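**Q** Here it is: the structure, laid out below.
The values are calculated or read from the model by the stated rules, or taken from the named source; none is laboratory data. Note that the structure is predicted; figures quoted are calculated from it, not measured. Glycine also receives a Cβ, built like all others from the backbone with ideal geometry; neighbour counts cover every protein chain displayed. Accessible surface areas use protein heavy atoms only, side chains included; no ligands, DNA or RNA. Shrake-Rupley method; radii C 1.70, N 1.55, O 1.52, S 1.80 Å.
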Amino acid sequence: MQNIIRQPMSIDELAKVFARSPRFPLVPPMEDAVWQRVAANPNLAKWATALRDVAMTEIDQPLPPLSDELYAQFYKTGIRLPFERIYFSRRRNLARAVISTLIEPAGETKQRLLGSALSKMREVFNEESWALIAHTGHSPTGKDPLTLDLFSSETANQMGELLSLLGDHVPADLQQAIHRRLQVEIFDNYLNRPHYWIATAYNWNAVCHQGVLGAAMGLIDDPELLARLFHKAAPNLAIFLTGFTPDGGCSEGPGYWGYGFGWFMELNRQLELRTRGRLSLVEGDDHVRAISLFGPRVTLSNGHAVNFSDNGARSIPRGVLLQYLADRFNDDFIRVSAQSSWRREANSPPDMTAERLDLFYLLRHFLRCPDGPLDAQPVLPEGDIGFPDLGVHLLRFRDAAGHLWELAAKAGHNAEFHNHNDVGSYLLNIDGRRVLTEIGAPEYVREFFKEETRYTFLAARSLGHPLPLINGQEQAAGKSFAGTIAVTGSGDRSTIDIGITRAYPAEASCERCLRQIAIDKRSGRIDITDQLTLAPTATTAESAVVTEMPVTLIDGHAFVTSGKNTLRVSPLPATIIREIQRLPFNHHNGSPGELFRIVLEPKAFDHELTIGCWVELAAP
């Protein structure tokens, strides 16, 4: 098995391999006996029932329409959610019809579901432009069939897989139209036109390549065309891997790790299948093995994740990816994480409104879900998990009373992918519930992705994080605005020192700022202090603790309530809690949210000072 990223091959060499590897369905066709086994899998029962129930109500309904007004909305207003809600809803509807068809026993209902699936397939195919309107911002109509973005690429792969799944049940005219459109808008487009993402080091690179190349492997017989596609892709996929730190860390966070790296690994699976194990993207690559551990390692208890940057609090890896990683790399740590994910998913039906409950995900979920017992609850290992190159450290421990504490802190720099100006930030979960929180990904609108306006959004600016405000200045954006992290201690005590001096602009008049997080694991007490040395021009300094949980201020202490627990935030002797600020923002789904900023300031300002607090659980 040759790794074509680490051991490049010529077009002729690649063509010879593809010539020896004739095309076959990379996903099992509807008539394959595997679907009977999938239908009988007890761990899929709740999912199958929920999907079928909704698919039956939609069986004679057309997909919700994407109007010209919706297509043009982003260009006119910068708002993207109304279009995307319909766009992704159409793909979820299609996926429900297809999966329900595949697992339905032969009979009249199966034929009705198949008819529904084919009708919805044609409707999605007939969309004038498969790209999201946020990615066709140059077009007043919002439509551009030649914009090769994340979702036009994904739709291409989806169309290829639908032809494999449904075979000759797909009308001949639709089959021919799919082949023609993909040849022009996807394959020729990829080979002959420039695309800004092609040599980037973040998720777009991998996701777009997976869509283009995955569709090609499912539809193309021509060995030379496949060879040309992979010859162009291989060196660019190598660039994608450089976006991960040497320790396997992903500054985009676990959600985008699962997206970019997940689609990269799916492309590898397709390539290894299509070439009968002759070609690979990962074989013998220790860096890829390290990357594969990132998602499981930053998974917290109760379905939460370390959600620095643009990530949701529950942006944990899914069982479908973890299962493949565990099997491909024969890794027991990932296998435990996969088991935990499968158990959580099997015990509850899917959220039909989840944005990405599409065919790409559902198909793999149903094919990979284990059919054995999932009764045992795998336990995440306690202890420290560090990514020194990324600048992130996670501690998981139980105090003397048995409470589970999960604390993550970061250094890094302020030009990371999906960056927030957050050097020195931290989050805290207790007993599987969020307490001191990260906003993560806010609502995505045009201005959030513009350099000049991104840091006006609370989620991305320092003010939305538990960070000092020095001489009225927040941290600045840019790679030079960076921090250092060092972890010391053993047993019941650990200390995280984060140097955040360089994260502030010159206007902050900050000569030194050291954040120290000292953890007493047995007592369940965490001290957070900021030691500052300020130039004579500085006149103010404050720090903060932030949360989305309810906060009350009593006798100079702040109390944060999360579930059955209440965390007390107590100022150090030379510090006071000045106020609780309420700062509005929009969640990723557009709903309103509120961040509580517990503002700490020194009792007396000086140019050498320490601002800080300690946190511990209040007595019940």
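**Q** Would you check if there is a residue in region 226-242 being closer than 21 Å to N419 by Cα, surrounded by fewer than 18 Cβ atoms within 10 Å (Cβ to Cβ) and either at pLDDT 95 or above or not hydrophobic (A, V, I, L, M, F, W, C) (or both)?
**A** Yes, some residue in region 226-242 is closer than 21 Å to N419 by Cα, surrounded by fewer than 18 Cβ atoms within 10 Å (Cβ to Cβ) and either at pLDDT 95 or above or not hydrophobic (A, V, I, L, M, F, W, C) (or both).
**Q** Within region 163-177, can one find any residue that is outside any helix (DSSP H, G or I) and either modelled with pLDDT of 95 or more or touching a Cys at 6+ places or on another chain (Cβ under 7 Å) (or both)?
**A** Yes, some residue in region 163-177 is outside any helix (DSSP H, G or I) and either modelled with pLDDT of 95 or more or touching a Cys at 6+ places or on another chain (Cβ under 7 Å) (or both).
**Q** Mind listing whichever residues of region 435-467 are in a loop (DSSP other than H, G, I, E, B) and in contact with a Lys or Arg (Cβ under 8 Å, 6 or more places away or on another chain)?
**A** Y444, V445, A460
**Q** Among the residues of region 38-50, is there at least one that is out of contact with any Cys (no Cβ under 9 Å at 6 or more places or on another chain), assigned to a loop (DSSP other than H, G, I, E, B), touching a residue at least 12 places away in the same chain (Cβ under 8 Å) and within 19 Å of G107 (Cα to Cα)?
**A** Yes, the conditions are met somewhere in region 38-50.
**Q** Criterion first (without any contact (Cβ under 8 Å) to a residue 24 or more places away in the chain and assigned to a helix (DSSP H, G or I)) does V207 satisfy it?
**A** No: the conditions fail for V207.
**Q** Just a yes or no: is a residue in region 355-366 of a type in the set (K, R) and touching a residue at least 24 places away in the same chain (Cβ under 8 Å)?
**A** yes
**Q** Something else about it: Looking only at region 4-37, count every residue that is under 21 Å from T101 (Cβ atoms) and part of a helix (DSSP H, G or I) and tell me the total.
**A** Total meeting the criteria: 4.
**Q** Mind listing whichever residues of region 167-184 are free of Cβ contacts under 8 Å to residues at least 24 places away in the same chain, open to solvent by 70 Å² or more (accessible area, probe 1.4 Å) and closer than 16 Å to I220 by Cα?
**A** Selection gives Q176, R180, V184.
**Q** So which residues in region 185-197 are within 27 Å of the chain's Cα centre (by Cα) and open to solvent by 60 Å² or more (accessible area, probe 1.4 Å)?
**A** P194, Y196
**Q** Can you name every residue in region 426-451 that is aromatic (F, W, Y) and in contact with a Phe, Trp or Tyr (Cβ under 7 Å, 6 or more places away or on another chain)?
**A** F448
**Q** Would a scan of region 536-555 turn up a residue that is among the small types (G, A, S) and surrounded by fewer than 16 Cβ atoms within 10 Å (Cβ to Cβ)?
**A** Within region 536-555, none of the residues are among the small types (G, A, S) and surrounded by fewer than 16 Cβ atoms within 10 Å (Cβ to Cβ).
**Q** Testing L14 on (1) free of Cβ contacts under 8 Å to residues at least 60 places away in the same chain; (2) surrounded by 15 or more Cβ atoms within 10 Å (Cβ to Cβ); (3) closer than 30 Å to G284 by Cβ; (4) not acidic (D, E), one condition comes back false. Which one is that?
**A** Looking at each condition in turn, L14 falls short on (1).
**Q** Sticking with this structure for a sec: What are the residues in region 358-415 that are farther than 30 Å from N93 by Cβ and of a type in the set (K, R), if any?
**A** R396, R398, K410
**Q** To continue, here is another question. Looking at V282, V298, V306, which one is open to solvent by less than 20 Å² (accessible area, probe 1.4 Å), farther than 15 Å from F387 by Cα and β-branched (V, I, T)?
**A** Of V282, V298, V306, the one residue that is open to solvent by less than 20 Å² (accessible area, probe 1.4 Å), farther than 15 Å from F387 by Cα and β-branched (V, I, T) is V282.
**Q** Here is a further query. So, restricting to helices (runs of 4 or more DSSP H) that lie completely within region 52-148, which ones have at least 1 residues that are buried (at least 17 other Cβ atoms within 10 Å of the Cβ) and among the β-branched types (V, I, T)?
**A** Helices (runs of 4 or more DSSP H) meeting the threshold: 81-103, 108-125.
**Q** While we're here: Restricting region 474-511 to residues that are on the phi > 0 side of the Ramachandran plot and open to solvent by 30 Å² or more (accessible area, probe 1.4 Å), which is modelled with the lowest pLDDT?
**A** Here the answer is G491.
**Q** Output the residue which, of all residues in region 1-54 that are basic (K, R) and under 29 Å from the mean Cα position of the chain (by Cα), is nearest to E224 (Cα to Cα).
**A** Among residues in region 1-54 that are basic (K, R) and under 29 Å from the mean Cα position of the chain (by Cα), the one nearest to E224 (Cα to Cα) is R6.
**Q** Here's a follow-up. Which one is farthest from N203 (Cα to Cα) among residues in region 252-290 that are of a type in the set (S, T, Y) and not in a loop (DSSP other than H, G, I, E, B)?
**A** S280
**Q** Among what's in region 512-531 and is closer than 19 Å to A401 by Cβ and not hydroxyl-bearing (S, T, Y), pick the residue that is surrounded by the most Cβ atoms within 10 Å (Cβ to Cβ).
**A** Step by step, filter region 512-531, then rank; the result is I526.
**Q** Answer yes if at least one residue in region 263-282 is closer than 26 Å to L162 by Cα and small (G, A, S), and no otherwise.
**A** Yes, region 263-282 has at least one match.
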